[in-house]
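Below is one structure, written out as structure tokens; comments come after it.
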Amino acid sequence: MGIGEDNAASFSLYPNPVKDELVIRFAGQATNSRVVVMNQLGQVLYDHETNGSQQFVINTSSLSRGVYVLRIYGEGSTAERKFVKVD
């Protein structure tokens, strides 16, 4: 199962807003995906492969307070969600 724009509900992220750890949970069978976190300027702050994990945790403690974009690339499709980092 790929992750696409029309299937954005195939993963969830929580908590949002986040303080120290952002959890990404894939619904159904997870595939190897690439997880990227970008700031509002489009700068990549985090880039990692999930290696087919059903759940993936990102340590956000080093991020400054603000709005970020989480983008997931999987099997020819892309999905993105915004999340808020708080102190």
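The values are calculated or read from the model by the stated rules, or taken from the named source; none is laboratory data. Computed from a predicted model, the values in this text were never measured in an experiment. We place every Cβ from the backbone using ideal geometry, glycine too, and count neighbours over all the protein chains shown.
General observations
- Every pair of residues 6+ apart whose Cβ atoms lie under 9 Å, when the first sits in region 56-77 and is free of Cβ contacts under 8 Å to residues at least 12 places away in the same chain while the second is surrounded by 11 or more Cβ atoms within 10 Å (Cβ to Cβ): Ser62/Leu45
- Scanning region 31-83 for residues that are assigned to a strand (DSSP E or B) and on the phi < 0 side of the Ramachandran plot yields a total of 32.
- Tabulated pairs, region 29-43, first modelled with pLDDT under 90 and exposed (fewer than 13 other Cβ atoms within 10 Å of the Cβ), second in a loop (DSSP other than H, G, I, E, B) and among the aliphatic types (A, V, I, L, M), C-beta under 6 angstrom, 6+ apart or interchain: Gln29/Met1
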